[in-house]
Amino acid sequence: MAISTTQIQSIIDLKLLDIKTRREGGDGRSNASIAEEVLGSRTAESTVRRVYKGYKDNGNYRGVGGSGSVGSLPNKFSHTPKVLFFDIETAPNKMHGWSLWNANFGLNQIVNEWFILSYSAKWLGSDEVFYEDMEGIVDTEDDTHLLDSLWKLIDEADVVIGQNSKAFDTKKLNARWIMNGYQPPSPYKQVDTLDIAKRKFAFTSRKLEWMTDKLCENKKLTHGKFAGFELWKECLLDNPEAWLEMKEYNMMDVVSLEELYLKLAAWDNKHVNFNLYTEENKHICRCGSHRVVEAGYAYTGVSKFQQYRCLDCGTTTRGRVNLFSKEKRKSLHMNVAG
Ligand SMILES: [Zn+2]
């Protein structure tokens, strides 16, 4: 059926209102009821679905419909770069399966695909923890408000830090963003605590649970009412108790992640240089501290540099000026390549 621009706009407005109402705990409405109101026929619900999908796929809806608050961002010109800790939880794919063991699934066995279920995030050094989830609208599988908020946070960040975030969180988000018509956020550097753990430590386990248990005051929460997959299952059934637990877990994850990062960071000799993102000429450590003292010298093949150590986290860095005199430099030999 041919529909007018006004009708398209009405359908979009009603769908966005519906999602907002559900998010706030109100009763949702069906596509059939929207079809009846706008198009005069309940059987035109497929048109409503198609219009809204087209609207979303065009990617021009970001920021429309009242996305969740991302809280107050730190001042762009403050002395620390914008370092964001974050963690997402995803809903599982729903599949048709034949077997419990050694199951392989074809694409045509997927019933519903995964989406973002919740996220938590915080800025380095800030007490404020952001959290949003799909409570009240989980059956719509429309994670737009989470995608919006996360896009804004990550777009704002100079450095993004997560546990296994290089392989999981950022790629999952990229997939949801591009599928929903978003452009990429501004480039950012990544620090992955799992990556530091792999390169520098032979821990018994590199799970966040194990590392925070052994190294941090703020430990990842482990035993709740809903064990393991039960928590996801109950959230998908929109159980408020399960959502509360998801919120507690997710928020604690990002708090313990920050503490773990501050423990591991000093050991990371491939770390992002925070000083590139500030206008100040005073050195700032990766832990946010300015308390850096001269501590011996660092040597490369044929050069000598002033070495520094952070009094707070113990990170060592070096200056970039070669301290050897012209005469000393002339006298130095080095290996021949080949
Ligand atoms: Zn430090």
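Is it true that some residue in the range 316-335 is surrounded by 11 or more Cβ atoms within 10 Å (Cβ to Cβ) and closer than 30 Å to residue 207 by Cα?
Yes, that holds for at least one residue.
Go through the range 57-89 residue by residue and tally those that are surrounded by fewer than 16 Cβ atoms within 10 Å (Cβ to Cβ), out of contact with any Lys or Arg (no Cβ under 9 Å at 6 or more places or on another chain), part of a loop (DSSP other than H, G, I, E, B) and modelled with pLDDT of 50 or more.
Total meeting the criteria: 1.
Could you go through the range 303-312 and let me know if any residue there is of a type in the set (Phe, Trp, Tyr), under 25 Å from residue 220 (Cα atoms), within 15 Å of the ligand (Cβ to nearest atom) and in contact with a Ser or Thr (Cβ under 8 Å, 6 or more places away or on another chain).
Within the range 303-312 (the criterion being of a type in the set (Phe, Trp, Tyr), under 25 Å from residue 220 (Cα atoms), within 15 Å of the ligand (Cβ to nearest atom) and in contact with a Ser or Thr (Cβ under 8 Å, 6 or more places away or on another chain)), the answer is no, since none of the residues qualifies.
Does residue 272 qualify as being among the hydrophobic types (A, V, I, L, M, F, W, C), assigned to a loop (DSSP other than H, G, I, E, B), more than 13 Å from the ligand (Cβ to nearest atom) and under 29 Å from residue 211 (Cα atoms)? Please lay out each step first, then the result.
Details: among the hydrophobic types (A, V, I, L, M, F, W, C): yes; assigned to a loop (DSSP other than H, G, I, E, B): yes; more than 13 Å from the ligand (Cβ to nearest atom): yes; under 29 Å from residue 211 (Cα atoms): yes.
Yes.
Filter the range 293-315 down to residues that are hydroxyl-bearing (Ser, Thr, Tyr) and farther than 24 Å from residue 261 by Cα and give me whichever is surrounded by the fewest Cβ atoms within 10 Å (Cβ to Cβ). First the steps, then the outcome.
Applying the first criterion (hydroxyl-bearing (Ser, Thr, Tyr)) to the range 293-315 yields 297, 299-300, 303, 308, 315.
Of the ones still in play, those that are also farther than 24 Å from residue 261 by Cα are 297, 299-300, 303.
Working: 297: 12, 299: 13, 300: 9, 303: 15.
Ranking the qualifying residues of the range 293-315, first place goes to 300.
Search the range 313-328 for residues being basic (Lys, Arg) and away from the ligand (no atom under 16 Å from the Cβ), and hand back the single one that is nearest to residue 302 (Cα to Cα). Write out each step before concluding.
Step one: filter the range 313-328 for residues basic (Lys, Arg), giving 318, 320, 326, 328.
So of that shortlist, the ones also away from the ligand (no atom under 16 Å from the Cβ) come out as 320, 326, 328.
Numbers: 320: 13, 326: 12, 328: 10 Å.
Going through the qualifying residues, I end up with 328.
For residue 287, only one of the following conditions fails: (1) within 16 Å of the ligand (Cβ to nearest atom); (2) surrounded by fewer than 16 Cβ atoms within 10 Å (Cβ to Cβ). What is its number?
The number of the failed condition is (2).
Considering only the range 1-56, state which residues are charged (D, E, K, R), within 30 Å of residue 239 (Cβ to Cβ) and not in a loop (DSSP other than H, G, I, E, B). Please lay out each step first, then the result.
Here is the first cut: in the range 1-56, the residues charged (D, E, K, R) are 13, 15, 18, 20, 22-24, 27, 29, 36-37, 42, 45, 49-50, 53, 56.
Applying the additional criterion that residues be within 30 Å of residue 239 (Cβ to Cβ) yields 15, 18, 20, 22-24, 27, 29, 45, 49, 53, 56.
Listed by number, the residues that qualify are 15, 18, 20, 22, 23, 45, 49, 53, 56.
If a residue has to be assigned to a loop (DSSP other than H, G, I, E, B), without any contact (Cβ under 8 Å) to a residue 24 or more places away in the chain and buried (at least 17 other Cβ atoms within 10 Å of the Cβ) to count, how many in the range 184-233 make the cut? Even if it seems obvious, please write down each step before you answer.
Initially, the range 184-233 is screened for residues assigned to a loop (DSSP other than H, G, I, E, B), giving 184-188, 201-207, 216-228.
Adding the requirement that they be without any contact (Cβ under 8 Å) to a residue 24 or more places away in the chain leaves 184, 187, 202-207, 222-223, 225-228.
From what is left, the residues that are buried (at least 17 other Cβ atoms within 10 Å of the Cβ) are 206, 226.
Of the residues in that region, 2 qualify.
I'm told residue 256 meets every condition in (1) closer than 26 Å to residue 198 by Cβ; (2) in contact (Cβ under 8 Å) with a residue 24 or more places away in the chain; (3) within 12 Å of the ligand (Cβ to nearest atom) except one. Can you identify the failing condition by its number?
(3)
The values are calculated or read from the model by the stated rules, or taken from the named source; none is laboratory data. Just so it is clear, the structure is predicted and the values come from calculations on it, not from any experiment. With ideal geometry, Cβ positions are generated from the backbone for all residues, glycine too; neighbour counts draw on all protein chains shown.
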